[in-house]
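Q: Please read through the structure below; I'll follow up with questions.
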Amino acid sequence: MQKITDESLSELCGLLSQEGVPKDIVDLVRNRKLASRTSHLKHFTNNPSGEFIELIRGAEELIDRQYETGEDLSQPISALLKLAKTTTE
């Protein structure tokens, strides 16, 4: 389950990187030291739209739940991140 959680985090961080979030902030998110749902995220991304931020928050909440419960939520996490990606195109 840790591998699945790591893959989900990697997918989230990849999207954050694509959207212009600085590497040091992405690394903090990857290491679970900083939640991307912080209100400051919109100041670091090229896509500060409310929809994008909410989709990222939702994915991160599912990643947290997956980490805490061991429940495989990789499919809904990927779906949210794909939706977030479509708001950037």
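Okay, residues lined up against (1) open to solvent by less than 40 Å² (accessible area, probe 1.4 Å); (2) modelled with pLDDT under 90; (3) over 18 Å from Asp6 (Cβ atoms):
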position: Ser36; (1), (2), (3): yes, yes, no
position: Phe44; (1), (2), (3): no, yes, yes
position: Asn47; (1), (2), (3): yes, yes, yes
position: Phe52; (1), (2), (3): yes, yes, yes
position: Arg57; (1), (2), (3): no, yes, yes
position: Gln66; (1), (2), (3): yes, no, no
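Q: For the stretch 1-20: of the residues being open to solvent by 10 Å² or more (accessible area, probe 1.4 Å) and in contact with a Ser or Thr (Cβ under 6 Å, 6 or more places away or on another chain), which is farthest from Ser74 (Cα to Cα)?
A: Restricting to residues being open to solvent by 10 Å² or more (accessible area, probe 1.4 Å) and in contact with a Ser or Thr (Cβ under 6 Å, 6 or more places away or on another chain), the top hit is Gly20.
Q: Next question, about the same structure. Could you tell me how many of the residues in the stretch 19-34 are closer than 13 Å to Ile56 by Cα and more than 11 Å from the chain's Cα centre (by Cα)?
A: Summing the residues that are closer than 13 Å to Ile56 by Cα and more than 11 Å from the chain's Cα centre (by Cα) in the stretch 19-34 gives 2.
Q: A further question follows. Name the pairs: first residue in the stretch 61-77 and acidic (Asp, Glu), second residue open to solvent by less than 30 Å² (accessible area, probe 1.4 Å), Cβ to Cβ under 8 Å, at least 6 apart or on different chains?
A: Final answer for the pair search is Asp72/Gln66.
The values are calculated or read from the model by the stated rules, or taken from the named source; none is laboratory data. All figures in this text were calculated on a predicted structure; none of them were measured in a lab. Every residue, glycine as well, gets a Cβ built from its backbone with ideal geometry; the counts of neighbours run over all protein chains shown. Keep in mind that these areas ignore ligands, DNA and RNA; they rest on the heavy atoms of the full protein, side chains included. Shrake-Rupley method; radii C 1.70, N 1.55, O 1.52, S 1.80 Å.
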